[in-house]
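The values are calculated or read from the model by the stated rules, or taken from the named source; none is laboratory data. The model shown is predicted, which means the values in this text are computed figures rather than measured ones. Every residue, glycine among them, receives a Cβ derived from its backbone with ideal geometry; neighbour counts consider all protein chains shown. What goes into the accessible areas is simple: the full protein's heavy atoms, side chains included, and nothing from ligands, DNA or RNA. Shrake-Rupley method; radii C 1.70, N 1.55, O 1.52, S 1.80 Å.
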Amino acid sequence: MDRTQKAQQVAELKEKLGKSAALVLADYRGLTVPAVTSLREDFRKQQCEYKVYKNTLVKLAISGTPMEKMGKYLEGPTAIIFSWDSPSAAAKVAREFAKSNEKFKIKGGYLEGNVLDDKGVSASADLPGKDEMRAALLATLVAPATNLVRTLNAGAQNFAYVIDARRRALESNP
């Protein structure tokens, strides 16, 4: 690879690092080609990208940025998983794959300005995803209207219960 190709790859990597919601760094040594292909497909389904770069190029791309501390995880073969949509998506897929395949090891990651170790990446996998966050927000927005309707309906409903109780009392005592 000549200098222009390296410079191009560093520029591409810087752009991807800037756009990603989160990163996961993993050691993929010992994985078979079908396992890696399956893993890439799992990441793609979650709007993530699994890519392998030379560690020196990654170090060049992160130098002078808050991600620079991630350099300590760039030893040996390292795959970078970019999470484009949801910050926890890549961590969730990586953690599940690591549970079922002991050769795949999570080294670390990056989330919202913080460099994470392997335990931090696993903890970030527990964060709610984009759909869960939307559902929680929707429930929060709808709750006041739902409570208002219940409150307005309660008076008429209680009145109906009183009338029904009086009717049953009159029917039982002629």
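Helix 33-45 and the longest principal axis of the C-alpha atoms of the chain enclose an angle of approximately 50°. Across region 41-144, the mean sequence separation of Cα contacts (distance under 8 Å, 6 or more residues apart), normalised by length, yields a relative contact order of 26 percent. For region 3-106, the percent of C-alpha pairs falling in each 10 Å distance bin, counted from 0 to the bin holding the largest distance, reads 15, 48, 32, 4, 0. For the Cα trace of region 1-48, dividing Rg by the Kirkwood Rh returns an Rg/Rh value of 1.06. The long axis of helix 130-172 is offset from the longest Cα principal axis of the chain by roughly 10 degrees.
Checking the Cα-Cα distances for LYS45/LYS99; LYS45/LYS119; LYS19/LYS92; LYS72/LYS119; LYS16/LYS51; LYS54/LYS105 against a 21 Å cut-off, the pairs over it are LYS45/LYS119. Given in Å, the Rg to one decimal and the Dmax to the nearest whole number for the Cα atoms of region 85-174 are 26.6, 82. Calculated from the alpha-carbon coordinates, the chain shows an Rg and a Dmax of 26.8, 103 Å respectively. Scan the chain and report its longest stretch carrying no trypsin sites (Lys or Arg not before Pro) that are both in a DSSP loop and have at most 16 other Cβ atoms within 10 Å. The reported range is 104-174.
Could you work out which residue, out of ALA91, ALA11, ALA125, moves most in a Gaussian network model of the chain, that is, has the largest mean-square fluctuation with Cα springs under 10 Å? The residue with the greatest mean-square fluctuation here is ALA11.
Estimated from helices alone, the mean residue ellipticity of the chain at 222 nm is -19000 deg cm²/dmol (sum of -39500 (n - 2.57) over DSSP H runs with n ≥ 4, per residue). Computed over protein heavy atoms with a 1.4 angstrom probe, the accessible surface ordering of ILE106, ILE163, largest first, is ILE163, ILE106. Sequence-ordered 3J(HN,Hα) estimates for region 54-66 from the Karplus curve with 6.51, -1.76 and 1.60 and θ = phi - 60° stand at 5, 4, 5, 5, 5, 4, 5, 5, 8, 5, x, 10, x Hz, glycine and proline given as x.
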